[in-house]
Amino acid sequence: FQAPVPFPATLAAEGALVEEVGGSPDARFEDFGGRRWTGLVRRYRVLPAQPGEIGLALPGPLQVQPGGGGPLRLAPPPPLRLTVRVPAGAEDIQPFVAARRLALSQRWSSDAASPQVGDLLRREVLLVTDSSSPLLPAPDLGAPPGVRVHVPAAQVQEARAHAAATPTLTRRTEAVYTLERPGRVVLPPIELVWWDLARRQR
């Protein structure tokens, strides 16, 4: 090829998110009839957003500049059609979130050793996961009686061990509680039900 093949960054997909796997395309060489042919393989990561039928297709022809010839427009192959099912045992998980890694932790802090009316409590919830599901819910930080709650926008970071790795998402959510009257304050626990892809269990 006289120029890089402009593979699309994503595929046309219904019911799924698609991203290209980082890194250069893999080159392959095969011999047919005494002639060597060169091929490129570009990989994509597909995340179904919901069960059902999904279709994957190149959004249009690929522009290729072969050696010793004019540009070619390669017609895309027929769409790839898949049937996606929810794993057995996970049918009642709503919204459905699947991951190989998911860790949820929280931390409390207060400016006062013994909180009084008017004081502030801070509750920080940290979620670390390799799930990139758009259905990943935000934690319910609770709003009990006698407490005013302020929840700033969550801080989200993505990191990859290398270009081809699945990203690790770190989402930090904080709530600031203002104590408005004396008495006992009970905040609900945070629960997140998810499907463990490694152990095949909820």
Exercise for the section: Please go through segment 193-202 and pick out each residue that is of a type in the set (A, V, I, L, M) and in contact with a strand residue (DSSP E or B) (Cβ under 6 Å, 6 or more places away or on another chain). Expected result: L197
Practice task
For T10, indicate whether it is open to solvent by 50 Å² or more (accessible area, probe 1.4 Å) and either in contact with a Cys (Cβ under 7 Å, 6 or more places away or on another chain) or assigned to a strand (DSSP E or B) (or both).
Solution key: no
Practice task
With a cut-off of at least 2 residues that are open to solvent by 80 Å² or more (accessible area, probe 1.4 Å) and closer than 30 Å to E20 by Cα, name the strands (runs of 3 or more DSSP E) lying wholly within segment 76-191.
Solution key: 80-84, 155-159
Problem - Residue match in segment 127-144 (condition: over 19 Å from I190 (Cβ atoms) and touching a residue at least 40 places away in the same chain (Cβ under 8 Å)) - result: yes
Practice task
Filter segment 52-69 down to residues that are open to solvent by 40 Å² or more (accessible area, probe 1.4 Å) and free of Cβ contacts under 8 Å to residues at least 40 places away in the same chain and give me whichever is nearest to V97 (Cα to Cα).
Solution key: E53
Practice task
Tell me which residues, restricted to segment 17-44, are surrounded by 10 or more Cβ atoms within 10 Å (Cβ to Cβ) and closer than 14 Å to L58 by Cα.
Solution key: L17, V18, E19, E20, R42, R43, Y44
Practice task
Determine whether R45 is touching a residue at least 40 places away in the same chain (Cβ under 8 Å), in a strand (DSSP E or B) and out of contact with any Cys (no Cβ under 7 Å at 6 or more places or on another chain).
Solution key: yes
Handout entry: Counted residues, segment 162-197 - those being under 16 Å from P139 (Cβ atoms), among the aliphatic types (A, V, I, L, M) and in contact with a Gly (Cβ under 9 Å, 6 or more places away or on another chain)
Key = 3
Problem - Checklist (1) modelled with pLDDT under 90; (2) farther than 30 Å from S131 by Cβ; (3) not aliphatic (A, V, I, L, M) applied to R35, failing item - result: (1)
Practice task
Would you be able to tell me the number of residues in segment 51-69 that are closer than 20 Å to W37 by Cβ and not in a loop (DSSP other than H, G, I, E, B)?
Solution key: 3
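The values are calculated or read from the model by the stated rules, or taken from the named source; none is laboratory data. None of the values given here were measured: they were computed from a predicted structure. All Cβ positions, even for glycine, are placed from backbone atoms using ideal geometry, and neighbour counts span all protein chains on display. Accessible surface is based on the protein model in full, side chains and every heavy atom, while ligands, DNA and RNA are left aside. Shrake-Rupley method; radii C 1.70, N 1.55, O 1.52, S 1.80 Å.
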